[in-house]
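For reference, the structure I am asking about is given below.
The values are calculated or read from the model by the stated rules, or taken from the named source; none is laboratory data. Quick caveat: nothing in here was measured; it's all calculated off a predicted structure. Cβ coordinates were reconstructed from backbone atoms using ideal geometry, including for glycine residues, and neighbour counts include every protein chain displayed.
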Amino acid sequence: MEAEQVESRAAEFLEYLEAGGLVEAHDWMPDEYRARLRKFVEMHANSELMGVLPERDWILRAPTLQRKLALTAKIQDEVGHAQLLYRVVADLGKPRSACLDDLLAGRSKFHNVFHYPTRTWGDVGVIAWLVDAAAIVSQKALLKCSYAPYARIMKKICWEESFHILHGRDVVLALVTGTPAQFELVQEALDRWWGPLLQFHGTPIPASEDPMVRWRIKSQGNEAARQEFLDGYVPQILELGLELHDPKLRRNDEGVWEYTEPDWEELKAVVSGHGPASQERLDFRRRSRAEIEWIGRTVLAEAA
Amino acid sequence: MSENATDTVFEVFRQERKGQPFQHAGSVLAPDLRFAEIYAREQYGRRQESSALWLVRRDAIDELSDFPDEFDLKYRRVDGYSIKARLKEARERAGTQPS
């Protein structure tokens, strides 16, 4: 196609999206759309895969058998999400093995919250409740994604995430209704997680300037997502008697949440592999990929 | 979780309850049908959310997506029948009122 033709076709495509049009895997799409979409879904898939590692650390240390089983089930869900999302990426032209190569070589990213260590059982509750809550705000907005195969998968993912939030809230409630030491576990974890949680939805780039919003890959700007998270969860945190140590945090008269500017430099450093647990987590994945390589070979030999 | 050269994509269709239509749910990548069944069962059935699954090799699917209607065959659709004026006339002739 001539460059001019491509341009007019891209303009048509954008118009189609603006009118609410949906795109399927075999439809023509501009290179920029495909590239941005693929990178976004790939990062989502990486995050699901890496996101189980902080929780995996606690399977053996979970306080009861019931908690151990629930945590294992949640981890299975998240790995399942990664599998589904890597399928979406593969149909956009990048096979799963290439995604894993890039992830392990540090060439692609995963979400900031999965670069931090989990120090106590309080972390497990805060992650399952609040990290998943922040994630579900973004994920719900993705149900309206212009790329239909992704939006369809998000339906199943959101459905499973709703269990996870409940599981996390249940863990937190058990601790805040326990001994003062147990209450303190949650408060201490919350103090450490609040910064990363506020960074989670990204810098407040205006939706009108966000190419991801223009292509309708995302239907919500970063700040709108953060506001929705704060609106939904700050009251739920405070009603348990927990404290949020941000002197600027308040809902103003216009109903907008104000807060201390998150550390965007930290966010940038962390997602590019310089978080406190980034390399340890990647090392774990590198090791396990090498260790289970024989399983793939055996399976393949048997299936052939 | 790495794919192999011989891996095949299986499309998964899910029936939520008996009697309901099967709807496309997603796909799994597997070396053969046996593994595809295990993956599909884990992905789409472990919470009893499905009453049945269909697994179909992607390359067995033949998709048609163009349905031209050059002659605008309206008589096949409800919008091909505009009965309002005629109904009015028929009622006037019969001297009846709309029920």
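Would you mind telling me which numbered condition in (1) surrounded by fewer than 19 Cβ atoms within 10 Å (Cβ to Cβ); (2) under 27 Å from A:Tyr16 (Cα atoms); (3) within 17 Å of the chain's Cα centre (by Cα) A:Asn222 fails?
(1)
Taking the condition of being among the β-branched types (Val, Ile, Thr), surrounded by 15 or more Cβ atoms within 10 Å (Cβ to Cβ) and within 14 Å of chain B (Cβ to nearest Cβ), how many residues in segment A:261-304 meet it?
1
Could you please let me know if A:Ala269 is free of Cβ contacts under 8 Å to residues at least 24 places away in the same chain, more than 18 Å from the chain's Cα centre (by Cα) and assigned to a helix (DSSP H, G or I)?
Details: free of Cβ contacts under 8 Å to residues at least 24 places away in the same chain: yes; more than 18 Å from the chain's Cα centre (by Cα): no; assigned to a helix (DSSP H, G or I): yes.
The answer is no for A:Ala269.
Also, I was wondering about something else. Output the qualifying pairs, or none if there are none: Cβ atoms under 8 angstrom, residues six or more apart or on different chains, first residue in segment A:88-116 and touching a residue at least 40 places away in the same chain (Cβ under 8 Å) and facing another protein chain (nearest Cβ under 10 Å), second residue β-branched (Val, Ile, Thr) and part of a helix (DSSP H, G or I).
A:Val88/A:Val41; A:Val88/A:Ile153; A:Cys99/A:Val89
Now a separate question. Working only within segment A:208-236, note down all residues that are without any contact (Cβ under 8 Å) to a residue 60 or more places away in the chain and among the hydrophobic types (A, V, I, L, M, F, W, C).
Selection gives A:Val213, A:Ala224, A:Leu230, A:Val234.
Sticking with this one: List the helices (runs of 4 or more DSSP H) that sit entirely inside segment A:70-178 and contain at least 2 residues that are at pLDDT 95 or above and surrounded by fewer than 17 Cβ atoms within 10 Å (Cβ to Cβ).
Working: elements: A:96-104, A:121-126, A:132-142, A:148-176.
It comes to A:96-104, A:148-176.
Only one of B:Gln15, B:Gln48 is more than 12 Å from chain A (Cβ to nearest Cβ), closer than 30 Å to A:Leu49 by Cα and free of Cβ contacts under 8 Å to residues at least 24 places away in the same chain. Can you tell me which?
Criteria check complete, one pass: B:Gln48.
Examine segment B:53-76 for a residue that is closer than 28 Å to A:Lys74 by Cα, in a loop (DSSP other than H, G, I, E, B) and within 12 Å of chain A (Cβ to nearest Cβ), and state whether such a residue exists.
Checked segment B:53-76: no residue is closer than 28 Å to A:Lys74 by Cα, in a loop (DSSP other than H, G, I, E, B) and within 12 Å of chain A (Cβ to nearest Cβ).
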